[in-house]
Amino acid sequence: MLVQRVGEVRRQTKRSLSLELLGIQSQAPFYINEQLTKCNYYIFKEAIKMKKHKVLSAVFTRRALVYVRQKVNDDFVCLKSMEDLLALDLDSAAATETAVLSAGVSQVGHSNFR
């Protein structure tokens, strides 16, 4: 399968993908996008928004599943439903509220990723 071969070459060379890897004389990069279900696409889109707001540190897809990491040293978590993503957001909001309250500052409102 072409996707597997491209993945192997990329892991071995640690380079970004280019048309040159396929034998075409060009340095132009190319990208391979996965086909996600509507549900997983929506989860991925919302997770990317959370990453932009620094709620998550990493978001990626592999084999049509969405994976996220909350903090840099945390393990990746596979999101199978929107509820999984919302649970991460609620855990993050609760941790932030606890940290803010322990610092003696009141917090109004929570994240609006719903």
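The values are calculated or read from the model by the stated rules, or taken from the named source; none is laboratory data. Just so it is clear, the model here is predicted, and its values are computed rather than measured. Note: ideal-geometry Cβ built from the backbone for every residue, glycine included; neighbour counts use all protein chains shown. Areas reflect the complete protein model, heavy atoms only, side chains present, ligands, DNA and RNA absent. Shrake-Rupley method; radii C 1.70, N 1.55, O 1.52, S 1.80 Å.
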Among residues of the stretch 27-47, those that are free of Cβ contacts under 8 Å to residues at least 40 places away in the same chain, out of contact with any strand residue (DSSP E or B) (no Cβ under 7 Å at 6 or more places or on another chain) and in a helix (DSSP H, G or I), counted = 3
List the pairs whose first member sits in the stretch 66-84 and is modelled with pLDDT of 95 or more and open to solvent by 60 Å² or more (accessible area, probe 1.4 Å), whose second member is among the basic types (Lys, Arg) and assigned to a loop (DSSP other than H, G, I, E, B), and whose Cβ atoms are under 8 Å apart, counting only residues at least 6 apart or on separate chains?
-> none
Total residues in the stretch 1-59, condition open to solvent by less than 50 Å² (accessible area, probe 1.4 Å), touching a helix residue (DSSP H, G or I) at 6+ places or on another chain (Cβ under 9 Å) and modelled with pLDDT of 85 or more | 10
